[in-house]
Amino acid sequence: MLTCGMAETDITPPLDSSMPGYFHDRKSTGVLDALYAKSLVVETDKGAAAWVALDCIDLPRRVVLGIRERIHKETGIPASSIMVSATHTHTGPPVVTCSFMTADETYLKLMTEKAADAAIIAYRTRKAARIGFASGEEADIAFNRRFWMKDGRVRMNPGIGNPDIERTEGPIDPQVLVVRIDELDGKPIGVVTNYACHTDTVGGTLYSADYPGELSASLKRSLGEHVVSLFLMGASGNINHIDVSGKWPIQREHHRVLGRILAGEVLKTREKAALTDDVEIGGAQLFFQTACRRPTDEEVEKARQRVASDTESEVRKAFAAEVLLAETNGDTVADIEIQAIKLGPLAVVGCPGELFVELGLAIKAASPFPYTAVNELSNGSATGYVCTREAFANGSYEPKITSNSRLPAGIGEQFVQHAAELLSRINGEQAE
């Protein structure tokens, strides 16, 4: 028998907390919409799995381990089948430490408990259910943000209508993966959505879950206020909402526009999902270490000059301070976890960091499963951007070193290789 539960807990922090996302310390002044930790728990006679997604920009590894430990203690679900991820909202809680802000340890402890609570509540309220999977497409609201310019260089977000733009550097991933979860009588329990577009459409100093928050609100209006919308962020390290051609301009409350458009596709796709109560569940993890990059002597000296300058902009000074912190940071290696959980015909691959879309597409192409969701910012990050080798060679913003973004060239391709290994492994278990 298949049982499913979904739950959400409010993780909105107090006002006047730091809001990571830009190169300065913003303090929150209000709440546009609440922040949540949301969970799906699925169980059969042969196994169980849990997903937890939090409205925050990133998750320290220790927080992920704390959430998993509490969930396992209360439910018995193995750590290998518990995936914890961030939605990456840039208007969220104080979870990051860098050169200009410090994570709030009191809040992190509370967030850890409340995120685990979401999964525990989902587990304790699970019901006999049916589940379905379907794939839709939304190609009009997400854009690759890296461009080849006429001078032969690559720039990120070169500006709307910039006449020096020659072409985009890479693609987008328009797939909208949808998981439908219903009670046996057809009453909706919730929806899982996987889509690739940066959650940085709000700005300002009001807490907001960005467009996944509006997606949730729209689905509740259509399906019922009790319905839980769990959002898994696709590979979107180089994907955002800005159409540099100017054909689709940024609108007032743009996150609501994106959320409603995406909700329309989710609702349409959800109706196409064939429901079943017969699914195989299983999870696997792969752990490895990689050397962290360190800035060169030339980069360090240039950063020192910028920090001391009276004429440099605050953004350049902040970026220079990040280079100096990366130089003094004692970490020489990063611990990486790649995770894969199967749920019938669906496989969800959890990777840390902000993956370039090309890497997500490569993981999907290598997957033997009918449906494959790439869930970035999983398992505790502190790894920053996960770029392609090509992007490292082409330069611009994402490959630059900061205190929290120091992975080496080639690591993205390793992610793809290890993800393919895990997918093959769990698919083999399914076939046995």
Flag for LYS27 being surrounded by fewer than 21 Cβ atoms within 10 Å (Cβ to Cβ) and more than 21 Å from THR383 (Cα to Cα) | yes
Can GLY136 be described as under 17 Å from LEU267 (Cα atoms) and modelled with pLDDT of 95 or more?
-> yes
Residue check: is ARG260 farther than 26 Å from LEU359 by Cβ, of a type in the set (Lys, Arg) and either at pLDDT 95 or above or buried (at least 18 other Cβ atoms within 10 Å of the Cβ) (or both)?
-> yes
Report, ordered by the first and then the second residue, all pairs with beta carbons closer than 9 Å, sequence separation of six or more or different chains, a first member in segment 99-128 that is open to solvent by 60 Å² or more (accessible area, probe 1.4 Å), and a second member that is modelled with pLDDT under 95.
-> THR102/VAL96
Mind telling me which of the residues ALA79, ALA7 ends up being modelled with pLDDT of 95 or more and touching a helix residue (DSSP H, G or I) at 6+ places or on another chain (Cβ under 8 Å)?
-> ALA7
Considering only strands (runs of 3 or more DSSP E) wholly within segment 1-104, the ones with at least 3 residues that are of a type in the set (A, V, I, L, M) are 36-44, 47-54, 82-86
Per the filter on segment 158-200, residues open to solvent by less than 20 Å² (accessible area, probe 1.4 Å) and either more than 30 Å from VAL41 (Cα to Cα) or small (Gly, Ala, Ser) (or both) are PRO158, GLY170, GLY190, ALA196
Of the listed residues (ARG68, ARG61), the one being open to solvent by less than 30 Å² (accessible area, probe 1.4 Å) and not hydroxyl-bearing (Ser, Thr, Tyr) is ARG68
Search segment 309-336 for residues that are part of a loop (DSSP other than H, G, I, E, B) and pair each with any residue that is buried (at least 20 other Cβ atoms within 10 Å of the Cβ) and of a type in the set (Ser, Thr, Tyr) when their beta-carbon atoms are under 8 Å apart and the residues are at least 6 apart or on different chains.
-> ASN329/SER403
Only unsatisfied item for ASP335, checking (1) modelled with pLDDT under 90; (2) open to solvent by 70 Å² or more (accessible area, probe 1.4 Å), is (1)
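The values are calculated or read from the model by the stated rules, or taken from the named source; none is laboratory data. In this text, all values refer to a predicted model and were calculated from it rather than measured experimentally. Counting neighbours? That spans all protein chains shown, and the Cβs are built from the backbone with ideal geometry, glycine included. Keep in mind that these areas ignore ligands, DNA and RNA; they rest on the heavy atoms of the full protein, side chains included. Shrake-Rupley method; radii C 1.70, N 1.55, O 1.52, S 1.80 Å.
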